[in-house]
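Peer 1: The structure is given below, and queries will be raised subsequently.
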Amino acid sequence: MSDQTDIYNSAVRMLSMREHGTKELHDKLVAKGFIATTVDEVICQLLEQRLVCDERYVEMVFRSALHKGHGPNRVTQSLYQKGIERYLIENHLETTEVDWWALAVEVKQKKFGSNRAEDWQQKQKQQRFLHNRGFTLDQINYAINAEDQSDT
């Protein structure tokens, strides 16, 4: 199973379903039984044709994460695990116009309502939830202590 045409067709099928990072695509193709060196050659060809692009993949992951209410830490960790270069992630974090603070408030209010936590246990529960969603400690504290903005 080392024919370049088979690898190319398989990669294009995967990319037609959703965007993939180069390392993720490589790993999936090798897992299908293709030879790694031939997979590398095909991925270079796909890169030249702009059919696979790590920058587009990063954008897609960020859009998806925002839609799901995930914070910057979770998105960053997910991209690191998928083999995306650190500079691409940091560049996108700097250039994207996301208000992570407002997103943390929105996610907190969607799950727990707009009232502040009344006791220590409720506050801890909210902190754990927002931490697992990937928000920073400052963003978590801001969201938990934020007043309901809809009354103003």
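Peer 1: Relative to 2.2 N^0.38 Å, what does the C-alpha radius of gyration of segment 100-151 come to as a ratio? Two decimals please.
Peer 2: Scaled against compact globular proteins, the figure is 0.98.
Peer 1: While we're looking at this one, here's another question. To the nearest 0.05, what FRET efficiency results for SER114 and LYS23 with a Förster distance of 41 Å applied to their C-beta separation?
Peer 2: With R0 = 41 Å, the Cβ-Cβ based efficiency is 0.50.
Peer 1: For the Cα atoms of the chain, what angle does the longest principal axis make with the long axis of helix 86-95, in degrees from 0 to 90, nearest 10?
Peer 2: Relative to the chain, helix 86-95 is tipped by roughly 50 degrees.
Peer 1: Just the projected area, averaged over all directions, of the convex hull on the alpha carbon atoms of segment 54-95: how many nm²?
Peer 2: 2.5
Peer 1: Can you work out the FRET efficiency for the pair LYS123 and ALA102, with r the C-beta to C-beta distance and R0 = 30 Å, to the nearest 0.05?
Peer 2: About 0.90, to the nearest 0.05.
Peer 1: Could you calculate the FRET efficiency of ASN9 with ASN141 from 1/(1 + (r/R0)^6), where r is the beta carbon distance between them and R0 is 35 Å, rounded to 0.05?
Peer 2: 0.10
Peer 1: How big is the charge dipole of the chain about its Cα centre, in debye rounded to the nearest 20, if each Lys and Arg gets +1 on its Cβ and each Asp and Glu gets -1 on its Cβ?
Peer 2: It works out to roughly 660 debye.
Peer 1: Taking Cα atoms, how many degrees apart are the long axis of helix 36-48 and the longest axis of the chain, rounded to 10 and kept between 0 and 90?
Peer 2: Roughly 70 degrees between the two axes.
Peer 1: With label points built 7 Å along Cα→Cβ from the Cα atoms of GLN77 and THR37, find their separation and express it in nm.
Peer 2: 3.9
Peer 1: For helix 72-81, what angle does its Cα long axis make with the longest principal axis of the chain, in degrees from 0 to 90 and rounded to 10?
Peer 2: Computed tilt is about 20 degrees.
Peer 1: Around ASP54, what is the net charge, scoring Lys/Arg as +1 and Asp/Glu as -1 over all other residues with Cβ under 12 Å from its Cβ?
Peer 2: Overall, the nearby charge balance is 0.
Peer 1: Order by neighbour count: ILE43, ILE35, fewest other Cβ atoms within 10 Å first, most last.
Peer 2: ILE35, ILE43
Peer 1: For segment 50-149, compute Rh as the Kirkwood radius over C-alpha pairs and then the Stokes-Einstein diffusion coefficient at 37 °C and 0.692 mPa s; write the answer in µm²/s, rounded to an integer.
Peer 2: My calculation gives 230 µm²/s for D.
Peer 1: Considering only the other residues whose Cβ falls under 10 Å of the Cβ of THR76, what net charge follows from Lys and Arg at +1 and Asp and Glu at -1?
Peer 2: Net charge around THR76: +1.
Peer 1: Students often forget the sequence filter, so: which lysines lie under 30 Å Cα-Cα from LYS111 once same-chain residues fewer than 8 apart are removed?
Peer 2: Correct list for LYS111: LYS68, LYS82, LYS123, LYS125.
A short reminder: the numbers here are calculations on the coordinates, not readings from a lab. The shown structure was predicted, so the numbers you read here are calculated from the model rather than taken from an experiment. Glycine gets a Cβ as well: all are built from the backbone with ideal geometry, and neighbour counts include every protein chain shown.
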